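Input: a single structure, listed below in structure tokens.
The values are calculated or read from the model by the stated rules, or taken from the named source; none is laboratory data. What you are looking at is a predicted structure, and each value in this text was computed from that prediction instead of being measured. Every residue, glycine as well, gets a Cβ built from its backbone with ideal geometry; the counts of neighbours run over all protein chains shown.
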Amino acid sequence: MNILDDLKMQYKLGGIAMKMIYWNIGCFLVSLIFFYQYKEGVFVFPNWIALSSSPIDFVLKPWTFLTYAFFHNDFWHLFFNMMVLNFASYLFLTFFSSKQYLGLYILSAIFSGIIFVFGFNLMHLSGAVIGASAAIMAILVAVTTYSPLMNVRLLLLGNVKLWHITAVILILDLMQIRLENSGGHISHLAGAFFGFIYIKLLQNGTDLSKSVSVVFDFFVNLFKKPTTPFKKVHKNYKKVVDKPISKIVIKDKKQQQIDEILDKISKSGYDSLSKEEKEFLFQAGK
């Protein structure tokens, strides 16, 4: 099996978390081809992928409220996000389903994008945001809200409560919100808030992820090939009748002649046989 086949197998069998990581890596590879300025050494994402705070851009391109959550500014941005996503996904899927995971990822990305746009316009700032951090924060905070006292074993540190890890990440975001990448930190905190609200509503019987599942199921069924109903085919089978085996044994001429001679002996005795019959019977008995 070559590397490509191995990657395909991992994607097929890896579950929703592995698929999400593959999608993010795939989008990064695509951006390296189309959006990376090699002379300047930076990515330049068009406004139909990155989420812009400009009302004209996001109104005309509403899909950017989701597409921004699958692209990254550089390799390290992607690397650390996928590390945290893998960690948070494993914990989240311990308690919740794949559909809830996908629904939370998508809804939190959209919600965080809306908060980013609203916040930047409120502060009279302009800019664009890219990255999966907001959705990842939603997944991490969601599982932390559900099971805050879960023990997590970290290298060098040993066992640490899950809420301690999440709290450190949130504090770092709060400390940097007025510094570089304000839009990113705003979306991170928005994602964390959505993850918290999602679990609280879920505990009260409201699963927001069902709306995403309904939409996905609709499109899956829309493009699904119609299956023809099973038709039972009746065939008239004729019972094979065995040909009767004849019980009449056709004897050869020699055996028939012997039987006639023996029959004659039984009736009239051996002396009634002619010389030729006696000789024939003698030859047949050899």
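Among the residues of the stretch 98-132, the ones that are within 23 Å of the chain's Cα centre (by Cα) and of a type in the set (S, T, Y) come to 4 in all. Cβ-Cβ distances below 6 Å connect the following pairs, each with a first residue in the stretch 77-96 that is free of Cβ contacts under 8 Å to residues at least 60 places away in the same chain, a second residue that is in a helix (DSSP H, G or I) and of a type in the set (S, T, N, Q), and a separation of six or more residues or different chains: N81/S133.
Name the helices (runs of 4 or more DSSP H) wholly within the stretch 1-93 that hold at least 2 residues that are at pLDDT 95 or above and surrounded by 12 or more Cβ atoms within 10 Å (Cβ to Cβ)? Please lay out each step first, then the result.
On the way: elements: 3-13, 15-34, 55-60, 64-67.
Where helices (runs of 4 or more DSSP H) fall fully within the stretch 1-93 and carry at least 2 residues being at pLDDT 95 or above and surrounded by 12 or more Cβ atoms within 10 Å (Cβ to Cβ), they are 15-34, 64-67.
Is it fair to say K247 is surrounded by fewer than 11 Cβ atoms within 10 Å (Cβ to Cβ) and at pLDDT below 75? For K247, the condition - surrounded by fewer than 11 Cβ atoms within 10 Å (Cβ to Cβ) and at pLDDT below 75 - is met. Taken over the stretch 123-151, the criterion of being in contact with a strand residue (DSSP E or B) (Cβ under 6 Å, 6 or more places away or on another chain) and crowded, with 16+ Cβ neighbours inside 10 Å is satisfied by A128, V129.
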